[in-house]
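Please read the structure below before turning to the comments.
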Amino acid sequence: MLVVQKYGGTSVRDLERIGNVARKAIAYKEKGNDMIVVVSAMSGETDRLLNLAHGIAAFPDEREVDVLISTGEQVTSALLAMTLKSMGYDAVSVLGCQVRIITDSSFGKARINDIEKEKILQELRAGKIVIVPGFQGVDEEGNITTLGRGGSDTTAVALAAGLKADLCEIYTDVDGVYTTDPNICDKARRLDKISYDEMLEMASLGAKVLQIRSVEFAKKYNVPILVKSSLVEGQGTLVCREEDMMSMEKVVVSGVTYSKNEAKVTVNKVPDKPGIAAKIFTAVSEANIVVDIIVQNISHANTTDITFTVAKADAKKAYKMMEGMAKEIGADSVSVDEDIAKVSIVGLGMVSHAGIASKMFSVLSAEGINIEAITTSEIKISCVIAKKYGELAVQALHKAFGLDREDVKEEN
Ligand code: ASP
Ligand code: MG
């Protein structure tokens with residue numbers, strides 16, 4: 001079998017942990033597998049390097065930033081190769097520009113276009129454990145590029161797809177994908193399996209186990225990903241096609257997610273006539289601000305309120321812009337609320353079940369929680385609520401949709 005394993009920053013944070021990674025890779029190698037190991041930088045290293053760059057300029061040169069931050073992965077690759085050799089196993093590090101993981105030239109968020117296979121295959125044939133630093137690639141001109149934060153996941157999945165690996169394991173500091181954040185709800189359960197689409201929704205809603213792009217990649221090339229902990233034994237969570245979930249008990253909702261990173265902007269008493277929404281959101285998008293939820297009220301006396309949510313980091317900018325916009329279009333006023341939370345339920349079963357939305361709203365209302373905005377997709381429903389009720393909402397929804405772990409005793 002050809003196995004691709006990826007180890008995240010906490011799994012390689014010091015020499016002791018790198019030794020642990022080496023032993024895990026060796027155990028697979030000993031079973032007769034060909035091994036490719038993708039590593040992240042030591043935890044905190046990418047941030048440290050970015051801080052250095054930002055100590056020089058607010059917007060440091062993007063090409064040079066990639067030269068800088070790609071070094072974190074290079075360090076752990078070399079250390080892991082040395083460790084394996086010291087344990088008596090042949091290993092070799094092959095950098096992104098040596099494999100030739102070819103990307104476009106968008107520094108800091110490059111996309112992989114192609115992976116040349118020959119170098120890696122040659123080293124595997126020579127019996128070596130091949131170490132590939134995650135996160136880095138090279139563009140057609142030979143410039144070093146990086147794949148965006150968390151990009152080592154994508155390196156691993158892309159290698160697994162390109163080399164047709166039999167198994168792609170992503171080792172991290174949690175033992176799988178959970179029904180919700182265990183820090184918020186102690187009854188959260190590890191899922192045995194989750195579909196690509198559910199994982200994409202969960203990832204975009206703030207569950208940070210895998211880089212979103214790696215899941216998109218896995219879906220496109222049908223690479224099942226096994227998410228596991230490098231520190232505790234366990235079977236992990238398999239991220240796979242919906243078709244491969246069939247054996248699972250049919251659950252309607254697979255997970256509850258929670259995000260506090262958004263803010264809500266409302267433009268009050270907007271004249272209700274064609275072109276106003278277009279005007280508002282063209283301005284917002286031209287400022288490169290990503291909008292999530294949009295709500296427009298029914299109009300009264302020819303005016304309406306338009307509310308939208310943006311990342312908290314963009315709230316001030318959006319507010320300022322809307323103040324100018326309100327004057328221009330003759331709206332009454334603008335308000336901003338940063339104390340909001342977004343709770344969402346995600347599940348493939350929603351497509352075929354009626355009454356999921358009404359159940360969600362009833363659960364929230366039974367807790368006395370007011371819903372300020374709602375958005376839905378085929379397999380997701382999100383509600384914006386006051387931030388102080390966020391954790392309560394997660395716990396109530398988790399229970400109501402039957403996700404609570406049974407082995408945790410009810411308190412009281
Ligand atoms: N080291 C990079 C980061 O911190 C990439 C990764 O770890 O996946 O974002
Ligand atoms: Mg990660």
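Just a few scattered comments:
- Residue-wise HN-Hα couplings along the range 254-262, as the Karplus relation 6.51 cos²θ - 1.76 cosθ + 1.60 with θ = phi - 60° gives them from phi, are 9, x, 10, 10, 8, 9, 10, 9, 10 Hz; Gly and Pro carry x.
- Cα gyration tensor, the range 1-129 - rounded (a/c under 1.5), prolate or oblate: oblate
- Alpha-carbon centroid distance for the pair the range 81-157 / the range 302-346, whole angstrom: 43
- Surface listing: 353, 398 arranged by accessible area from highest to lowest gives 353, 398, probe 1.4 Å.
- Solvent exposure ordering (accessible area, 1.4 Å, most first) of 245, 87: 87, 245
- Protein accessible area in the chain, 1.4 Å probe - carbon and sulfur %: 50
- Antiparallel DSSP beta bridges within the chain, as percent of all bridges there, nearest 5: 60
- The phi torsions of the range 291-308, fed into the Karplus equation with coefficients 6.51, -1.76 and 1.60 and a -60° offset, translate into couplings of 9, 9, 8, 10, 10, 10, 6, 5, 7, 10, 6, 6, 10, 9, 10, 10, 10, 8 Hz, rounded to whole numbers, with Gly and Pro shown as x.
- Convex hull projection area averaged over all views, the chain, Cα basis, nm²: 23.4
- Size of electric dipole in the range 136-224: Cβ of Lys, Arg +1 and of Asp, Glu -1, about Cα centre, debye, nearest 20: 200
- Cα-based helix-to-principal-axis angle, 315-329 vs the chain, degrees rounded to 10: 40
- Shown are 332, 305, whose ranking by accessible area with a 1.4 Å probe and every protein chain present, most to least, is 332, 305.
- Each residue of the range 350-362 was assigned a 3J(HN,Hα) from its phi angle through the Karplus expression (A = 6.51, B = -1.76, C = 1.60, θ = phi - 60°), giving 5, 4, 10, 10, 8, x, 6, 4, 5, 5, 4, 5, 5 Hz with x at Gly and Pro.
- Placed amide H near residue 262: partners under 5 Å, 5+ positions off or other chain: 312
- Around the amide H of residue 145, modelled in the peptide plane, lie the amide H atoms of 137, 138, 139, all under 5 Å away and 5 or more residues distant in sequence or on another chain.
- Backbone amide hydrogens, once placed in the peptide plane, bring residue 170 within less than 5 Å of 6, 226, 227, 228, excluding anything fewer than 5 places away on its chain.
- Counting only protein heavy atoms and a 1.4 Å probe, the chain has 47 square angstrom of accessible area per residue.
- Rounded to the nearest 20, the Cβ-based charge dipole of the chain about its Cα centre (Lys and Arg +1, Asp and Glu -1) stands at 200 debye.
- Gyration tensor verdict on the range 254-347 (Cα atoms; rounded if a/c is under 1.5, prolate if a/b is larger than b/c, oblate otherwise): prolate
The values are calculated or read from the model by the stated rules, or taken from the named source; none is laboratory data. Quick caveat: nothing in here was measured; it's all calculated off a predicted structure. Note that each Cβ is placed from the backbone with ideal geometry, even for glycine, and that neighbours are counted across all protein chains shown. Ligands, DNA and RNA are excluded from the accessible area calculation, which covers all protein heavy atoms including side chains. Shrake-Rupley method; radii C 1.70, N 1.55, O 1.52, S 1.80 Å.
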